[in-house]
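To keep things clear, I will list the structure first and then write my remarks on it.
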Amino acid sequence: MDKNKISIVILAAGKGSRMKSAKAKVLHTICGKEMLYHIIKSSRIISDDITVVVAHQKEVVIKQMSLYFDDINFVVQDDLNFPGTGGAMKNVCTKNEKVLVLNGDMPLITPQSLYGFLKSDSDIVMSVFDLQNPDGYGRVIIDNGQVQRIVEQKDASVSELQVTTVNAGVYAFSKKILDKYIPLLNNDNAQNEYYLTDVISMARADGLKITPLLVDEEHFKGINSKLDLAVAEEIMQNQIKANWMNSGVIMQLPSTIYIEEGVVFEGECIVENGCRITGESKIINSHIKAHSVIEDSIVKNSDVGPMAHLRPDSNIEDTHIGNFVEIKKSSLKGVKAGHLSYIGDATVNEGTNIGAGVITCNYDGINKYKTTIGKNVFIGSDSQLIAPIILEDDVMIAAGTTVRSGKILSGELAVSSAKLRVIKDFYYKFFKK
Ligand code: UD1
Ligand code: CA
């Protein structure tokens, strides 16, 4: 595919009122990334001239996308005077003769799903699909096998509302057509907006050929509401998980697993039911047991869970993490932490055993402090390590010990538990039995 042949324009300036949210619609996320991110990512694979039209919350949209991409042209729509998808095209200037226009609310498109638009030599290629429930979409009026026009739902007559062939919101135009018809659009409709879709009827009236390209909802679903967002997320989840399973990852009850788009698996991995793996996590030759949550962390040659929580910046290698263990911003190599622990802002080295209920007290209410634990350390159950603290190699901490800030040297045992008192018959006296 020659990237230089096509320009892509992504319309992302709308308010998205049906989302009922203070956040701009195109910044709502699916599988961990903004809808607009997904669209730009796919677009860049087939084009090196990408324009994103912005207006509503333009600063936030531009700032957020600039975190990922540095080669996007942003164009600001005059949405006050020229609202609507046609108004959005007014200030656009593209490099190439062929222009693919995409709505900014269709995050499921893939480069492959767009190839059909690039192949055709028609004046206009537009996307259509047939839906049992066409609610919200523009209806495509076809006569004698020819697309005549697109009627928006709000402008449609009762009989037009029955039409189930709808406009999916992707169009390939020649630059000439856009230059000719965009200035001719008017806002004589129910929403008083300039509709890009009116280009179709104008071009048709001039005898131009409009080719409908049948697409599928799985790739072209438009997101208008939070319900649409949830449906699209499920579709993308299924694609992400299918890809990983095809690459060799075992997933038990995959419908219960949530994996974000930035997650990477390598080698032989098993993910049990109910797991959530997010951000830029990397899982290498590991077994993630039921209902564990892993956020922006690396897990290598390890087993985690069930019901463990790895918070961002955890780096786990050759390690066993058992149930109800929470790890944050810590690095554990060759460690066993089998039950009920919190390890935060810590480094733990090979051969170390962390008993049940061990807690690194990393926060004093104002600052966070580091815990450094050496090799072959044995930390007895229910101990608290008050950071900043260093446990050198070959240290023992007795069960129930509170170790205050400082350093325990190699070979030492730290014990802080009070001497046990045993009071005879206390129980019987207390309960008067
Ligand atoms: C649009 C189409 C409809 C199609 C549907 C497919 C028009 C008039 N209608 O309807 O035929 O079935 O998409 O999903 O085009 N936008 C701007 N500036 C604006 C208004 C919108 O850039 O002034 C952007 C939005 O940010 C959004 C995209 O254009 O990403 C589509 O806008 P939206 O309001 O969702 O259009 P629909 O009503 O869904
Ligand atoms: Ca839409």
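For segment 327-405, DSSP calls about 5 percent of its internal beta bridges antiparallel. Which of the chymotrypsin sites (Phe, Trp or Tyr not before Pro) found in segment 19-74 are in a DSSP loop and have at most 15 neighbouring Cβ atoms, other than their own, within 10 Å? Those satisfying the criteria are Tyr68, Phe69.
Once the other residues with Cβ under 14 Å from the Cβ of Leu27 are scored (Lys, Arg +1; Asp, Glu -1), what is the net sum? Result for the neighbourhood of Leu27: +4. Decide, for segment 173-225, between rounded, prolate and oblate: order the square roots of the alpha carbon gyration tensor eigenvalues as a ≥ b ≥ c, take rounded if a/c falls under 1.5, and otherwise choose prolate if a/b is larger than b/c, else oblate. Oblate shape, in that a/c is at least 1.5 and b/c is the bigger or equal ratio. Here is how the number arises for the chain: DSSP H runs of 4 or more residues each give -39500 (n - 2.57), the sum is divided by the residue count, and the result at 222 nm is -5000 deg cm²/dmol. The length gained on full extension between Asn367 and Tyr427, counted as 0.36 nm times the residue separation minus their Cα-Cα distance, comes to 17.2 nm. Positive end of the dipole of the chain (Cβ unit charges, origin at the Cα centre): among Leu385, Gly334, Leu253, the Cα lying farthest that way belongs to Leu385. Solvent exposure of segment 306-433, expressed per residue, is 56 Å² of accessible area, with all protein chains present and a 1.4 angstrom probe.
In sequence order, segment 418-423 has phi-based couplings of 6, 5, 6, 10, 10, 10 Hz under the Karplus curve 6.51 cos²θ - 1.76 cosθ + 1.60, θ = phi - 60°, and Gly or Pro positions carry x. For the chain, the relative contact order comes to 9 percent (Cα pairs under 8 Å, sequence separation of at least 6).
The residues packed around Gly374, meaning those with a beta-carbon under 11 Å from its beta-carbon, carry a net charge of -2 if Lys and Arg are +1 and Asp and Glu are -1.
Taking 20 Å as the limit for the C-alpha separation, the pairs Lys289/Lys328; Lys20/Lys58; Lys33/Lys226; Lys98/Lys176; Lys370/Lys407 never exceed it; all remain within the limit. Rolled with a 1.4 Å probe across the full set of protein chains, the surface gives Cys93 an accessible area near 100 Å². Look at the alpha carbon pairs under 8 Å that are at least 6 residues apart: their mean separation over the length of segment 362-408 gives a relative contact order of 37 percent. For Leu227, neighbours were defined as the other residues whose beta-carbon sits under 12 Å from its Cβ, and their charges (Lys and Arg +1, Asp and Glu -1) total 0. In order along segment 336-352, the phi-based Karplus estimate (6.51 cos²θ - 1.76 cosθ + 1.60, θ = phi - 60°) of 3J(HN,Hα) comes to 10, 10, x, 8, 6, 10, 10, 10, x, 6, 10, 10, 10, 9, 3, x, 8 Hz; Gly and Pro are listed as x. Using R₀ = 56 Å, calculate the FRET efficiency as 1/(1 + (r/R₀)^6) where r is the Cβ-Cβ separation of Leu80 and Glu412; round to 0.05. For R0 = 56 Å, the calculated efficiency reads 0.15. Structural descriptor for segment 300-418: relative contact order 15 percent, calculated from alpha carbon pairs under 8 angstrom and at least 6 residues apart. Secondary structure note: in the chain, about 20% of the DSSP beta bridges are antiparallel.
The values are calculated or read from the model by the stated rules, or taken from the named source; none is laboratory data. This is a predicted model, so every value here is computed, not measured. As a convention, Cβ positions derive from the backbone with ideal geometry for all residues, glycine included, and neighbour counts pool all protein chains shown. What goes into the accessible areas is simple: the full protein's heavy atoms, side chains included, and nothing from ligands, DNA or RNA. Shrake-Rupley method; radii C 1.70, N 1.55, O 1.52, S 1.80 Å.
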